[in-house]
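Everything on this sheet refers to the single structure shown next.
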Amino acid sequence: MNKDFVKANFLNTILSPSKILSPDELKSYVKEDVQIQPTDLIKIESNPSFRWPSVKCEVSHYTQSDLEEALNWIKSSSNILISAGAGMSVSSGIKTFETIDIFGESDNNYVNVIQNIRSNKPDKSYIDLLRCVSTKNYFVFTSNVDCFFSLVGFDQERLYECHGNSNMYQCNRNCSKKYYNRLELICNDCGSELRPAIMKYGDKHWNDTFFCEQEERFEKWVKHTKEFVILEIGCGTQTPTVRDYDDLILEQNENVKLVRVNLSESYTENERATSLDMKAEDFIILM
């Protein structure tokens, strides 16, 4: 996955939530009030006061036939890509991007995120999901930083956390590529405070070494798994990295099907996709 794609996705949300724009198209749409450098999409200079705009999408009112089709696709496929966004962890008590400024500029955001995660644990939905895919060739692609997939026993070799991991810590200046556990406080090399290895918007110091290794395994799985079903759970348009990449996979591979489960914004027009406006836990219990 191109890092431009991950770090410039919020422009797609603002300008064209239903379309993936090329780098040249993104540059042509840049506006001053978004505070983006048109010549360098990776260098995102976010305005601390900027907040996500409301994005309206058509609502999917699914039928019983839609639900049965989705369940049959998943049951009959030997290969499953689980794509999970914030909605997957709502029933576990994790706040969504609308209610907590997870990737904002202030260091207090880290405190808010960690407190929210540490005070909760994965609910039964995670365990049920693992049970459903444990005998299949699966991979997990998630923008969540709560580490809940690892905690319930998903294979860490089949996991890509594209926004980082709250259990891993790094130097605040990223002076080296080292990682620390959460009990350590100070960087051994430069003496700076440690921070969670979570990517913020416009983050110049995120240590992504570990996550690039995850990404390589993920891209290899996608490339070599010719036919599979994407089970996309809780991915809205607020932070659309996972959702947009799923759409890209669906567009490029005619042997891929998509089951999009989200309480809102589940709409998709692709004939190889089924939209279900449901809570994550309500769908998983049916699998």
Check your understanding: Can you tell me which residue in segment 46-87 is nearest to Val111 (Cα to Cα), limited to those that are hydrophobic (A, V, I, L, M, F, W, C) and modelled with pLDDT under 95?
Key -> Ala86
Exercise for review: Out of Lys226, Lys257, report the one residue that is under 19 Å from Ser78 (Cβ atoms), among the basic types (Lys, Arg), more than 14 Å from the chain's Cα centre (by Cα) and at pLDDT 95 or above.
Suggested key: Lys257
Review point. Tell me, which strands (runs of 3 or more DSSP E) wholly within segment 104-197 include 1 or more residues that are surrounded by fewer than 21 Cβ atoms within 10 Å (Cβ to Cβ) and modelled with pLDDT under 95?
Key: 164-171
Review point. Quick one: Leu250 ticks every box in (1) farther than 19 Å from Asp66 by Cα; (2) in a helix (DSSP H, G or I); (3) among the hydrophobic types (A, V, I, L, M, F, W, C) bar one, so which box is it?
Key: (1)
Revision key, fill the gap. Restricting attention to segment 218-229, the residues that are of a type outside the set (Lys, Arg) and outside any helix (DSSP H, G or I) number exactly 4
Review point. Do the conditions hold for Tyr267, that is, is it out of contact with any Lys or Arg (no Cβ under 7 Å at 6 or more places or on another chain) and crowded, with 21+ Cβ neighbours inside 10 Å?
Key: no
Exercise for review: Look at Ile198 and say whether it is more than 20 Å from Lys95 (Cα to Cα) and under 16 Å from the mean Cα position of the chain (by Cα).
Suggested key: no
Practice item. Out of Glu215, Glu232, Glu265, Glu271, report the one residue that is under 15 Å from the mean Cα position of the chain (by Cα), charged (D, E, K, R) and not in a helix (DSSP H, G or I). Key: Glu232
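The values are calculated or read from the model by the stated rules, or taken from the named source; none is laboratory data. In this text, all values refer to a predicted model and were calculated from it rather than measured experimentally. Glycine also receives a Cβ, built like all others from the backbone with ideal geometry; neighbour counts cover every protein chain displayed.
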